[in-house]
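Below is one structure, written out as structure tokens; comments come after it.
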Amino acid sequence: MHIIDLDARAVRASAELVATATAADLSKPTPCLGWTLYGLLAHVTTQHYGFAAASRGDADPATWKLLSLGDDPVRAYLDSADHVIAAFAADGVAERGFPLPEFRPEPFPAEQAVGFHLVDYVVHSWDVAKTLGADLAFDDDVLDAAHAVAAVVPTGPVRLAPGAAFGPVVPWEGGSRLDQLVAYLGRSPAWPA
């Protein structure tokens, strides 16, 4: 399934960025409101293991419980990235339903679930890049897929609810396609201004 390859590229981009983070970077604020880089890494590490479990049909909500990153948060993230890439690449994943209890009781088709993961890691890669002051670029096919997934994310009051996956749309004109994507999903491309 093509989306799995695109997702792996987004996850690898996030891993390359995270690998450059130092211990001092872990306390820096991120574009994710209220999260330091450590908090963001704990979230995305947990999400990798949760999605990997879902790819095997595991619906246990405990797999989504926020993980501790131990003594080496960067290594913990890199290990989780390798884990989810391998899980999605396993035989038969494209034909499975992914239980994602955070979203709804019924499993999602694999392509849709992996699409959710893809858009998260494009956006979270941007978060990490902004936090570290690093450059980030994705190929057009990765951005095309992320934009297609983002286009079906509901807007309006649902984005203001506690725990909403994305904030309200940030009005933004011009800029890169990545800037347009993150603005649509509630981040200011001008962060931290």
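The values are calculated or read from the model by the stated rules, or taken from the named source; none is laboratory data. Please read these numbers as outputs of a predicted model, since none were measured by experiment. Glycine also receives a Cβ, built like all others from the backbone with ideal geometry; neighbour counts cover every protein chain displayed. When the accessible area is computed, the model is the full protein with side chains, heavy atoms only, and any ligands, DNA or RNA have been set aside. Shrake-Rupley method; radii C 1.70, N 1.55, O 1.52, S 1.80 Å.
Structure above, values below:
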item	result
In the range 155-167, residue surrounded by the most Cβ atoms within 10 Å (Cβ to Cβ) [restricted to those that are more than 17 Å from the chain's Cα centre (by Cα) and assigned to a loop (DSSP other than H, G, I, E, B)]	Thr155
Selection count where residues are more than 13 Å from Trp126 (Cα to Cα) and touching a residue at least 60 places away in the same chain (Cβ under 8 Å), scope the range 13-31	5
Hey, Val11 of a type in the set (Val, Ile, Thr), within 14 Å of the chain's Cα centre (by Cα), within 12 Å of Ala129 (Cα to Cα) and surrounded by 20 or more Cβ atoms within 10 Å (Cβ to Cβ) or not	no
Members of the range 127-154 that are open to solvent by less than 50 Å² (accessible area, probe 1.4 Å), touching a residue at least 60 places away in the same chain (Cβ under 8 Å) and either out of contact with any Leu (no Cβ under 8 Å at 6 or more places or on another chain) or of a type in the set (Gly, Ala, Ser) (or both)	Ala129, Ala134, Ala145, Ala146
Qualifying residue in the range 90-104 (condition: surrounded by 14 or more Cβ atoms within 10 Å (Cβ to Cβ), hydrophobic (A, V, I, L, M, F, W, C) and farther than 29 Å from Val169 by Cα)	yes
Single residue of Gly92, Gly186 found to be free of Cβ contacts under 8 Å to residues at least 24 places away in the same chain and on the phi > 0 side of the Ramachandran plot	Gly92
Total residues in the range 54-67, condition touching a helix residue (DSSP H, G or I) at 6+ places or on another chain (Cβ under 6 Å) and over 16 Å from Gly115 (Cα atoms)	4
Residue that is least open to solvent (accessible area, probe 1.4 Å) [pool: residues in the range 46-80 that are part of a loop (DSSP other than H, G, I, E, B) and hydrophobic (A, V, I, L, M, F, W, C)]	Leu69
Conditions (1) surrounded by 14 or more Cβ atoms within 10 Å (Cβ to Cβ); (2) more than 21 Å from Gln112 (Cα to Cα); (3) among the small types (Gly, Ala, Ser); number of the one not met by Ala23	(1)
Meets criteria (assigned to a helix (DSSP H, G or I) and open to solvent by 20 Å² or more (accessible area, probe 1.4 Å)) for His43	yes
Complete set of residues in the range 170-193 that are open to solvent by less than 70 Å² (accessible area, probe 1.4 Å) and assigned to a loop (DSSP other than H, G, I, E, B)	Val170, Gly174, Gly175, Ser176, Leu185, Gly186, Arg187, Ser188, Pro189, Ala190, Trp191
Filter pass, Glu106 being farther than 22 Å from Ser14 by Cα, in contact (Cβ under 8 Å) with a residue 12 or more places away in the chain, not in a helix (DSSP H, G or I) and not hydroxyl-bearing (Ser, Thr, Tyr)	no
